[in-house]
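Everything below concerns the one structure shown next.
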Amino acid sequence: MRLKDKIALVTGSAQGIGAACAKRFIDEGAFVMLADINQALGEQFAASLGERAAFIPCDVTAAGAGKAAIDATVQRFGRIDILLNNAGIIHSADFLDLREEDFDRVLAVNLRSYFTFGQAAARQMVAQGQGGTIVNMSSVNAILAIPDQLPYAVSKGGVNQMTRVMAMSLATHGIRVNAIGPGTIATDLARKAVMGSDEARRKLMSRTPLKRLGEPDEVAKVAVFLAGDDSSYMTGQTVYPDGGRLALNYTVSVD
C-alpha cells in the first residue's frame, strides 16, 4: 500500500475525478476527508467507502473554508499529510458575452480555493514538522485554448504557475507540490456531453491519439503517484494523463 496510514483531504470529492481519487487513496491505505458542496451525495459516497472516510460539507469559496476543512481533518484523523485540490467548475460563453461575475466565480473555485486550501494545509504541515504533499488538479486547457472557455482555461493556467511557485516556496519545509493535467475524462458529465453525439465523439477522438476517453481511475492513479513516495524527487511538475493530446499537432482518422 503506497499511502499506508496517510491522512488526505480531497476537495470536490463527491463524484467524478475527485471521488475516484478518494477511493484510490483509501485502496492504497490512506484515511480520507472528503469535502464537497453537495452534502447528500458526499455523505452517501463517504458512507460507501467505510470507516477510513469522512465527509464535511464545504463551499470552497467561503471565507475561512480552507482552514475549517484542514481543522476538521486534523480533528478527525489527527493530522494531514496530503491535500488534493480538485474542486472545479466551468462556464461556457463567447468572449464578447462573458460576464465579469461568471469569470470571477470560476476563478474563485478553480484557482483561489487552491491557494486558500493549499496555504492552510501547508501551515498545518509545517507545524507538524513532517513535510507533506499537495496535488493540484489542472487540465490540458492550462496550455490549450477553447474559444468559449476563457475563465476555465485562465484558471487552469494559473493553477500550473501557482503549483510551481508553491513548490519553490515550500521545498525547504519538505512539502512537495505537483499538479495533474487531465485530458477529456469519462465522468458522467463528459459521457453525456460527448458520447451522446456521434459528431462530438468523432471530433474528440480525432484529437486524441489513444482514441478513447480517459477513465477517472486513470487520473486517480497519477494522484496516488504524486501523493506518495514514488514521486519523492518530483516537485513543481504537472503530469498530463491526456491520451496523447498535448503531443498532437494534427488530427487522426477515426473509424
Checklist entry - Hey, any hits in the stretch 79-99 for a residue that's more than 24 Å from G158 (Cα to Cα) and either in a helix (DSSP H, G or I) or not acidic (D, E) (or both)? => result yes
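Looking at F95, F77, F103, which is the one that is surrounded by 15 or more Cβ atoms within 10 Å (Cβ to Cβ), at pLDDT 95 or above and over 26 Å from V222 (Cα atoms)?
Details: F95 fails: surrounded by 15 or more Cβ atoms within 10 Å (Cβ to Cβ); F77 fails: over 26 Å from V222 (Cα atoms).
Criteria check complete, one pass: F103.
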Item to check | Restricting the stretch 122-140 to residues that are in contact with a His (Cβ under 8 Å, 6 or more places away or on another chain) and among the aliphatic types (A, V, I, L, M), the residue that is surrounded by the most Cβ atoms within 10 Å (Cβ to Cβ) | outcome: M125
Checklist outcome for this item: (1) out of contact with any helix residue (DSSP H, G or I) (no Cβ under 8 Å at 6 or more places or on another chain); (2) surrounded by fewer than 20 Cβ atoms within 10 Å (Cβ to Cβ) all hold for D188 apart from (1)
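Only one of M205, M168 is of a type outside the set (S, T, N, Q), more than 26 Å from A19 (Cβ to Cβ) and either in a helix (DSSP H, G or I) or in contact with an Asp or Glu (Cβ under 6 Å, 6 or more places away or on another chain) (or both); which?
One residue alone meets the criteria, M168.
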Checklist entry - Mind checking which residues of the stretch 150-199 are at pLDDT 95 or above, among the small types (G, A, S) and over 20 Å from the mean Cα position of the chain (by Cα)? => result S169, A171, G174
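Here's the yes/no breakdown for (1) in contact (Cβ under 8 Å) with a residue 24 or more places away in the chain; (2) of a type in the set (A, V, I, L, M); (3) in contact with a strand residue (DSSP E or B) (Cβ under 9 Å, 6 or more places away or on another chain); (4) at positive phi:
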site	(1), (2), (3), (4)
Q119	yes, no, no, no
T133	yes, no, yes, no
V154	yes, yes, no, no
T172	no, no, no, no
G181	yes, no, yes, no
T184	yes, no, yes, no
S197	no, no, no, no
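Table: residues versus (1) free of Cβ contacts under 8 Å to residues at least 60 places away in the same chain; (2) touching a Phe, Trp or Tyr at 6+ places or on another chain (Cβ under 7 Å); (3) of a type in the set (V, I, T).
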position: I56; (1), (2), (3): yes, no, yes
position: T61; (1), (2), (3): yes, no, yes
position: A69; (1), (2), (3): no, yes, no
position: I80; (1), (2), (3): no, no, yes
position: N86; (1), (2), (3): no, no, no
position: V109; (1), (2), (3): yes, no, yes
position: T116; (1), (2), (3): yes, no, yes
position: M137; (1), (2), (3): no, no, no
position: N141; (1), (2), (3): yes, yes, no
Checklist outcome for this item: If we keep only residues of the stretch 126-145 that are within 17 Å of F25 (Cβ to Cβ) and hydrophobic (A, V, I, L, M, F, W, C), then the residue nearest to the chain's Cα centre (by Cα) is M137
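Could you pull out the residue among A223, A200 that is in a helix (DSSP H, G or I) and surrounded by fewer than 13 Cβ atoms within 10 Å (Cβ to Cβ)?
Sole residue among the options that is in a helix (DSSP H, G or I) and surrounded by fewer than 13 Cβ atoms within 10 Å (Cβ to Cβ): A200.
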Next on the checklist: With the requirement that a residue be touching a Ser or Thr at 6+ places or on another chain (Cβ under 8 Å) and not small (G, A, S), what does the stretch 80-94 give you?
Outcome noted: I80, D81, I82, L83, L84, N85, N86
Checklist entry - Out of all the residues in the stretch 104-141, which are farther than 16 Å from V32 by Cα, part of a helix (DSSP H, G or I) and of a type in the set (G, A, S)? => result A108, S113, G118, A120, A122, A127
Checklist entry - Are there any pairs with C-beta distances below 8 angstrom linking a residue in the stretch 18-29 that is at pLDDT 95 or above to a residue that is of a type in the set (K, R), with the two at least 6 apart or on different chains, and if so which? => result R24/K221; F25/K6; I26/R52; E28/R2; E28/K4; G29/R2; G29/K4; G29/K6
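The values are calculated or read from the model by the stated rules, or taken from the named source; none is laboratory data. None of the values given here were measured: they were computed from a predicted structure. Cβ: placed from backbone, ideal geometry, glycine included. Neighbour counts: every protein chain shown.
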